[in-house]
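Take a look at the structure below.
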Amino acid sequence: MIVSFEQVGLAYEAGVESLKDVNFTLEEGEFRFLTGPSGAGKTSFLKLIYLALKPTRGKMTLFGEDVTNAARESLPPLRRRIGVVFQEFRLLDHLTAFENVALPMKVAGVNQQQYREDVRELLNWVGLGSRLDALPQTLSGGEKQRVALARALVSKPDLILADEPTGNVDPQMGEKIMKLFVELNKLGAAVIVATHDLQLVEALGKKTMRLEGGRLHDEPMPARKRGRAR
Amino acid sequence: MSSVSGIEGSIGETKPDGPVAEKRGRRGQDPLLPRFSRSPLLPEAGAGGAPLTAVIAVISSLACLALAAALVIASAADAWTTELRSSLTVQVKGVDAAEIAQRVEAAQAILSNAPGVIDFEVLSSKEAGKLLEPWLGKGNADSLNVPALIELKLSEEGRKNIAALSRQLESVAPGLSLDDHGGWNDRLASAARSGQALTFAIFALIMGAASAISIFAARAGLSANAEVVSLLHLVGATDGFIADQVQRRFTIIGLRGSIIGLAAALFMLSLFAMATRARGADGFLLPGLTIGPGLALPLLAVPIAICLVTAVAARQTVLQTLRDTY
């Protein structure tokens with residue numbers, strides 16, 4: 001099992017829970033969409049999984065390890081198995097596109113000779129092969145999104161989390177990115193994509209969860225529509 | 001594409017590789033390697049940069065001056081006490097000038113053959129009396145039978161045999177008094193020890209200030225780089241990895257600042273040494289103040305010490321601060 005939540009709650013302030021009694025499991029190779037209105041707690045839900053926040057109650061396991069009360073020292077290796085595409089990109093402004101993408105490898109202590117070609121290839125693949133030395137502030141929103149995507153994929157993670165990955169790109173690129181997640185999922189990575197784009201969700205016909213008022217509900221499997229995301 | 005993701009095709013809009021391939025071809029090497037190696041993961045602004053370098057330079061300069069003062073005091077005290085320890089003053093008394101002269105002559109005969117006596121100089125009763133003329137008036141000291149003085153230079157062996165020498169001299173010149181300058185020597189040594197302790201205390205305080213500044217700067221740096229640190233954590237960085245980055249940064253800043261400080265201190269010391277020599281005071285007040293290896297080499301340890309203090313203080317601060325995060 002990749003992720004499991006048992007009666008998980010998350011409160012930013014005492015008494016006010018933004019996530020309530022969340023029960024959820026994600027098996028290896030599963031693909032889930034996460035939908036819900038703004039402020040429903042989608043980002044908080046993902047933050048719990050990528051270990052940016054700690055649940056205030058309940059039990060949570062990640063890659064089979066109980067992380068609810070885990071020692072801090074045990075978290076970095078788990079975080080390295082997760083690739084995150086953040087809603088606001090979170091690129092480091094003083095690093096180039098190449099350096100931003102290579103960051104997880106550098107942090108993991110991988111020799112530059114080993115990952116240099118992979119990083120270059122990924123950036124080529126997202127169409128930024130000519131902008132390896134570009135700083136984030138010189139990139140457009142879509143380009144930043146693609147750098148963030150390449151960074152999330154460079155370490156070949158077991159779990160990919162994407163928070164509104166199509167929010168800053170045109171519909172065509174959005175479709176390509178979503179299809180990419182589906183392809184990565186086919187290769188074995190578990191994927192959770194939080195999105196507002198219900199059209200894309202329907203087009204891909206994947207299992208969907210809905211967060212509303214801090215509570216998680218399974219949505220009925222959408223009938224796969226023919227159209228935009230072919 | 002792609003061996004990285006294993007997925008065919010590309011989501012990119014632009015044709016990959018062209019400009020990069022051209023660049024690589026032109027330079028004959030991959031331009032990415034040095035580019036990435038140069039970039040620190042923590043940006044300059046947060047971790048200190050120029051202001052911290054300037055503060056470290058001032059601190060280093062003060063530390064060098066304090067250490068130089070300690071070394072000069074030690075050197076001067078050593079010179080003074082060695083000088084005093086190797087000399088001895090003998091007062092030869094008598095009922096009249098003739099007796100004093102006779103006893104001096106007998107003492108001279110003993111001293112000429114005594115082991116450990118390197119040299120001696122006699123100041124006769126008359127000459128000693130002349131030294132009192134400024135206070136007693138011309139010719140007034142003649143009737144006082146001022147004792148004759150014999151100034152001895154002793155070797156280390158001679159110092160050990162002072163008692164025996166004293167007994168020999170006493171046999172030919174009864175009632176002589178022998179002054180080994182012990183009182184002066186003790187007072188000088190005590191003053192030198194106090195001076196050294198004071199300068200070392202100042203040196204330690206300065207090192208403490210360097211440490212405090214590093215702690216403050218490391219906290220400020222972490223705070224200013226909270227987003228970077230958070231992202232590093234999220235991509236799997238350990239506390240040790242982040243502390244390494246900060247430590248590396250502070251080592252560079254510490255080294256840069258302390259070398260500037262050392263250069264400034266050496267410049268100031270050179271000016272002081274030149275000024276001392278120009279006033280003709282060299283060899284009297286501060287005999288050790290020459291910018292030679294004896295002074296410069298210990299001062300070279302100051303940048304290393306400051307680097308260590310700043311780097312270790314910054315690392316411990318970072319580790320302590322990160323411990324409080326998730």
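Quick note: the coordinates plus some simple rules give every number you see, no bench work behind them. On a predicted model such as this, the values are computed, not experimentally measured, just so you know. For neighbour counting, all protein chains shown are included, and Cβ atoms are generated from backbone atoms with ideal geometry for every residue, glycine included.
Near B:Lys153, which lysines are there with a Cα under 17 Å away, not counting those fewer than 8 places off in the same chain?
none
Ignoring the sites themselves, what is the longest stretch of chain A with no GluC sites (Glu not before Pro) in a DSSP loop and at most 16 other beta-carbon atoms within 10 Å?
Longest site-free region, per DSSP loop and neighbour criteria: A:89-230.
Enumerate by residue number the trypsin sites (Lys or Arg not before Pro) in the stretch B:134-197 meeting two conditions: DSSP loop (anything except H, G, I, E, B), and at most 11 other Cβ atoms within 10 Å of the site's Cβ.
B:Lys138
Under the 0.36 nm per residue contour assumption, what length would be gained going from the current alpha-carbon distance of B:Asn145 and B:Gln102 to full extension?
Between B:Asn145 and B:Gln102, full extension yields 14.1 nm more.
Beyond 16 Å, what percent of the Cα pairs of the stretch A:31-78 remain?
Summing the P(r) tail past 16 Å for the stretch A:31-78 gives 44 percent.
Need the full-extension length gain, A:Glu212 to A:Asn111, defined as separation in residues times 0.36 nm minus the C-alpha distance. One decimal, nm.
Answer, rounded to one decimal: 31.9 nm.
What's the exposure ranking of B:Cys307, B:Cys64, going from fewest to most Cβ atoms within 10 Å?
With the fewest neighbours first, B:Cys307, B:Cys64 line up as B:Cys307, B:Cys64.
In peptide A:128-135, what is the residue-averaged number of other protein chain Cβ atoms found within 10 Å of each Cβ?
5
Is there a pair in A:Lys20/A:Lys176; A:Lys54/A:Lys206; B:Lys138/B:Lys160; A:Lys59/A:Lys179; A:Lys144/A:Lys179; A:Lys20/A:Lys106 whose C-alpha atoms are over 30 Å apart, and which pairs would that be?
Beyond 30 Å: A:Lys20/A:Lys176; B:Lys138/B:Lys160; A:Lys59/A:Lys179; A:Lys20/A:Lys106.
Roughly what would the spin-label model give for A:Asp170 and B:Trp184, points 7 Å off Cα along C-beta, in nm?
It works out to 9.7 nm between the two label points.
Kirkwood Rh over alpha-carbon pairs of the stretch B:214-326, then Stokes-Einstein at 20 °C and 1.002 mPa s: what D in µm² s⁻¹, rounded to an integer?
So the translational diffusion coefficient is about 129 µm²/s.
Using alpha-carbon pairs under 8 Å, 6+ residues apart, how would you state the relative contact order of the stretch A:93-156 in percent?
Computed over the stretch A:93-156, the figure is 51 percent.
In percent, what relative contact order does chain A have, based on Cα pairs under 8 Å that are 6 or more apart in sequence?
Computed value for chain A: 27 percent relative contact order.
What residue among A:Leu180, A:Leu153, A:Leu91 has the largest mean-square fluctuation in a Gaussian network model of chain A, using Cα springs under 10 Å?
A:Leu180
State the antiparallel share, in %, of DSSP beta bridges confined to the protein assembly as shown, rounding to the nearest 5.
65
Please state, to two decimals, what the Cα-based radius of gyration of chain A comes to when divided by 2.2 N^0.38 Å (N = residues).
Taking the Cα Rg and dividing by 2.2 N^0.38 Å, one obtains 1.01.
When the Kirkwood radius is taken over all Cα pairs of the protein assembly as shown, what Stokes-Einstein diffusion coefficient follows at 20 °C and 1.002 mPa s, in µm²/s?
Here the translational diffusion coefficient equals 71 µm²/s.
Below 8 Å between Cα atoms, with a sequence gap of 6+, how large is the relative contact order for the stretch A:1-81 in percent?
The value is 35 percent.
Neighbouring Cβ atoms within 10 Å as the yardstick, rank B:Arg323, A:Arg81 fewest first.
Going from least to most buried by this count: B:Arg323, A:Arg81.
Over every pair of different alpha-carbon atoms in the stretch A:93-156, take the mean of 1/r and invert it; report that Kirkwood radius in Å.
11.3
Where the Cα atoms of the stretch B:94-173 are projected onto their three principal axes, how long is each span, largest first, in whole Å?
42, 22, 17
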